[in-house]
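The values are calculated or read from the model by the stated rules, or taken from the named source; none is laboratory data. All of these numbers come straight from a predicted model, not from anything done at the bench. Quick reminder, even Gly has a Cβ in these numbers, built from the backbone with ideal geometry, and neighbours come from all protein chains shown. Ligands, DNA and RNA are excluded from the accessible area calculation, which covers all protein heavy atoms including side chains. Shrake-Rupley method; radii C 1.70, N 1.55, O 1.52, S 1.80 Å.
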Protein chains: 2
Amino acid sequence: MKNNNSKFKNENLIELEHGGGGLKSNELIDRITKILKIKSKWTNTGDDAAIFDLGEKKLVFTTDAFIVDPIFFPGGDIGKIAITGAINDLAVMGALPIGISLSLIIEEGFSENNLKKIIQSINKISRAANTPVVTGDTKVTEKGKIDKIEITTAGVGIAKKIIQNNGAQPGDCVIVSGDLGEHTVALLSKRFNYKTKIISDCQPLIKEIQSIAPFLTSAKDPTRGGAAAILNEMASKAKVKIILDENNLPFKKETIALSELLGIDKFSFPSEGRFIATVQRKFADKAVKKLKSFNKEAKIIGKIEKGKGVYLKTIIGGLKKIDTPRGKLITRIC
Amino acid sequence: MKNNNSKFKNENLIELEHGGGGLKSNELIDRITKILKIKSKWTNTGDDAAIFDLGEKKLVFTTDAFIVDPIFFPGGDIGKIAITGAINDLAVMGALPIGISLSLIIEEGFSENNLKKIIQSINKISRAANTPVVTGDTKVTEKGKIDKIEITTAGVGIAKKIIQNNGAQPGDCVIVSGDLGEHTVALLSKRFNYKTKIISDCQPLIKEIQSIAPFLTSAKDPTRGGAAAILNEMASKAKVKIILDENNLPFKKETIALSELLGIDKFSFPSEGRFIATVQRKFADKAVKKLKSFNKEAKIIGKIEKGKGVYLKTIIGGLKKIDTPRGKLITRIC
């Protein structure tokens, strides 16, 4: 199957699933990356960002596009998510973000008041994370040519030591900085008009990651494709097996209920302010303790073994495979 | 008037002109920038890119969104224009681009074959300009939620010495790297299905600018808003008057004819592979000679005097003011 999907085919059309963060996304990105490959001093191991050697330090560079629906949701808006996304892509690599670029495409007729709210929301995160927005672009399209507003951010950061996504070792613990999928629950509650106390988890992760960076063997934030996508990526790149423990699920009851209602695996729900990391067993408790000072739901959720794939060890002792998401998906969450 | 437009107003709606590169664009960007301002180590004088001091060298960072219609046109496509735009924003600052980020938003149902062509076109410029695409993002929206494909690029570059846009001095000459507005003529010929031999001027400008960088007192590429926008910006920032000479207009006959047909000032036509610079009188001939080795239409088009504003000295000796574009404009050129 991989073979069939490794080339562009003339008759094929782009599908929503190509943008969902799962298997088809990965295949499309592989096809694009293959064409774009030229000799370069940068390294990019399929991480959230690329790395350029500046001598003693490293420059880290990332980008993300945001086409969120609705643009305002409990706990955030498209502006908050756009700056936070760039900051977190740098932070999970161990970098300190130094500057963000902000590119806006706005639909003709969009309310200036809503634009102002979005920009203020970006500024709030920019101040909190001490990361300035330093350059930008603003385009306007004819009414009906886009849906309200789209934001693409890019970010540059400086790192002394890179945390990569392929460093997990057998014996390591898998830790999480808080409950997952709350961004998905909050955003869908607005879209489908149901009541919940859950608000988006969208937040910068610089302090959390920096506080435990020396302990981490790998880290990644479960945005598109959720934990299912990134755990499979971490397992595959490190050539290890990941076993999660159903007794320590990183989900609130409401998140699980929504997952069952929609018939969509909760492990594929995107978060926008959480990270999953692997850490040597001997440092795991210390790392979790540090993380708990930011979010009391930080915890150990599993372990690394020899082998391959991602599994959930169920309460009754079975092993359930967690696959990279494919098929049915929720669009425009992040 | 400036006063009325310096704040967001609740009842106002975004108009196409807010994205056109003229007066209303500048006012909107001012309002956004004012909200986003925080203490920062970066400098951005309203140039095409922001500057971060790395010690002996400077890091330069830029972004641009591209919503071009049609996406394929004589001499290029949205991919070519997207990577070239980022490269040139760095190049006109005197920087050597080191890496580009590529963010795609694709409409469901878009042809994979056309996507492949666009990516190949990006790769062609990437190779020619020796500037790798190092990181990216790919999103897909539901059919009808965007128009085919949108591309946002960001770029990082390294500069030893920055060429800024405020350095013009009375006595300097104004030079241009080739005829202007050909990108506009080519793109509109496809949109409105008329015949022309003119193809888009879209091309990277690294070599051209580097070859004469030591002579330049300021430089800028006339993209959105065309020469009219950037000459007014250069004059205003340097607090000087610019006088162009109608005997040395940087336009082909067909460009002038299209301008008259549309009733839109040719000086507001965007180019995507040209720059305008100011240079000390004594170096002007040498600089133009160098530029002519790349494009024989490079020439001196005017001079800097004390005063303010941008004027065209007509063949019969009058002075015609060239204003920052406002009002009627051509959308989605670049």
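What's the magnitude of the charge dipole for chain B around its Cα centre, counting Lys and Arg as +1 and Asp and Glu as -1 at the beta-carbon? Answer in Debye, nearest 20.
960 debye
Taking amide hydrogens as modeled 1.01 Å from N in the peptide plane, which residues meet the under 5 Å criterion relative to B:LEU13, leaving out close sequence neighbours?
A:GLU112
Dividing the alpha-carbon Rg of the protein assembly as shown by 2.2 N^0.38 Å yields what?
This ratio for the protein assembly as shown stands at 0.98.
Where in chain A is the longest stretch that carries no GluC sites (Glu not before Pro) classed as loop by DSSP and with at most 12 other Cβ atoms within 10 Å?
Segment A:57-334 is the longest.
What's the total accessible area buried between chains B and A, using a 1.4 Å probe, rounded to the nearest 100 Å²?
7100 Å²
Net charge near A:ASP179, counting Lys/Arg +1 and Asp/Glu -1 over other residues with Cβ under 11 Å of its Cβ?
+2
The range B:29-69: which residues show an accessible-area loss of 50 Å² or more, assembly versus chain alone, 1.4 Å probe?
Relative to the lone chain, where solvent access is computed with a 1.4 Å probe, the range B:29-69 loses at least 50 Å² at B:ILE32, B:ILE35, B:LEU36, B:ILE38, B:TRP42, B:PHE61, B:THR63, B:ALA65, B:ILE67.
Rg and Dmax of the range B:1-76, Cα atoms, in Å?
When restricted to the Cα atoms of the range B:1-76, Rg and Dmax are 16.5, 49 Å.
Using the alpha carbon gyration tensor of the range A:173-321, what are the three equivalent-ellipsoid semi-axes (square root of 5 times each eigenvalue), largest first, in whole Å?
24, 19, 13
Out of all DSSP beta bridges with both ends in the range B:46-159, state the antiparallel percent to the nearest 5.
That works out to approximately 75 percent antiparallel.
Got a number for carbon plus sulfur as a percent of chain B's accessible area, 1.4 Å probe?
C and S fraction of accessible area: 51 percent.
What are the ³J(HN,Hα) values, in whole Hz, obtained from phi via the Karplus relation 6.51 cos²θ - 1.76 cosθ + 1.60 with θ = phi - 60°, for each residue of the range A:261-271 in sequence order, with x given for Gly and Pro?
4, 7, x, 10, 3, 4, 5, 9, 6, x, 10
Assuming a ≥ b ≥ c are the square roots of the Cα gyration tensor eigenvalues, decide whether chain A counts as rounded (a/c under 1.5), prolate (otherwise, with a/b larger than b/c) or oblate.
It comes out rounded by the Cα gyration axes.
When chain A is modelled as a GNM with alpha-carbon springs shorter than 10 Å, which of A:GLY317, A:GLY21, A:GLY85 fluctuates the most?
The residue with the greatest mean-square fluctuation here is A:GLY317.
For the range B:208-275, run through the trypsin sites (Lys or Arg not before Pro) and keep only the ones in DSSP coil with at most 15 other Cβ atoms within 10 Å of their Cβ.
In loop regions of the range B:208-275 (DSSP not H, G, I, E or B), the sparsely surrounded trypsin sites (Lys or Arg not before Pro) are B:LYS239.
Quick check for you: with a 1.4 Å probe and neighbouring chains kept, what is the accessible area per residue of chain B, in Å²?
Accessible area per residue: 41 Å².
Cβ under 12 Å from B:PHE251's Cβ, B:PHE251 left aside: what net charge do those residues give with Lys, Arg +1 and Asp, Glu -1?
That sum, taken over residues with Cβ under 12 Å, equals -3.
I'd like the FRET efficiency for B:GLU246 and B:SER211, computed as 1/(1 + (r/R0)^6) with the beta carbon distance as r and R0 of 25 Å, rounded to 0.05.
0.35
Do the alpha carbons of any pairs in A:LYS303/B:LYS145; B:LYS241/B:LYS299; B:LYS7/B:LYS253; B:LYS161/B:LYS292; A:LYS80/B:LYS207 sit beyond 30 Å of each other, and which pairs?
The pairs that break the limit, which is 30 Å between Cα atoms, are A:LYS303/B:LYS145; B:LYS7/B:LYS253; A:LYS80/B:LYS207.
Can you return the aspartates and glutamates within cross-link range of B:LYS117? Criterion is Cα-Cα under 14 Å, with same-chain partners fewer than 8 residues away left out.
The reachable aspartates and glutamates, counting only those whose Cα sits under 14 Å from B:LYS117, are A:GLU11, B:ASP77.
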